[in-house]
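The values are calculated or read from the model by the stated rules, or taken from the named source; none is laboratory data. Since this is a predicted model, take the numbers as computed values, not measurements. Using ideal geometry, Cβ is built from the backbone for each residue, glycine included, and neighbour counts are taken over all protein chains shown.
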Amino acid sequence: MRNLERLLFQSNPPTIGRMANLVELNLQLNSINGIIHPSIRNLTNLKFLKLQQNSLSGPIPHFIGEMTNLHVLELDQNSLTGQIPSNIGNLTKMVNLSLARNMLYGPIPPSFGNLTHAFPKISPDNFFKHKSFSFESLIRSG
């Protein structure tokens, strides 16, 4: 599989968490549905997690905020719901965080202020329809 350019999955591959030395996981545009598989938490060396443009649903798992080696997290253009995990600010190595075009709601966690190297991409249309959204919470934490 040396020259493999694209590998399509219809669901989350449950054995993915066994690849402990994996540094980049790029499953964008693969029509993956369901939740972000819990086995991804075992990828402790992961720096790049790209799951955008799939059909992922459910909340962003809390364990994502525990993956402190992540530099890039791209979850945009899915059907993720719920609030952004409060521990997302633990990802202090983050340089690219993309959560746009999901169905997220609620306040942006104050811990976002810890993402000093990141350029977060959050689609305002996710939040403006919900009264609990406020840019003030982001400004106060920064």
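Report whether or not LEU80 is surrounded by 13 or more Cβ atoms within 10 Å (Cβ to Cβ), modelled with pLDDT of 95 or more and assigned to a strand (DSSP E or B).
Yes.
Looking at the stretch 99-126, which of the residues that are of a type in the set (S, T, N, Q) and modelled with pLDDT under 85 is surrounded by the fewest Cβ atoms within 10 Å (Cβ to Cβ)?
So the residue we want is THR116.
Counting only residues that are within 16 Å of TYR105 (Cα to Cα) and out of contact with any helix residue (DSSP H, G or I) (no Cβ under 9 Å at 6 or more places or on another chain), which one in the stretch 57-77 is surrounded by the fewest Cβ atoms within 10 Å (Cβ to Cβ)?
In this case the residue turns out to be GLY58.
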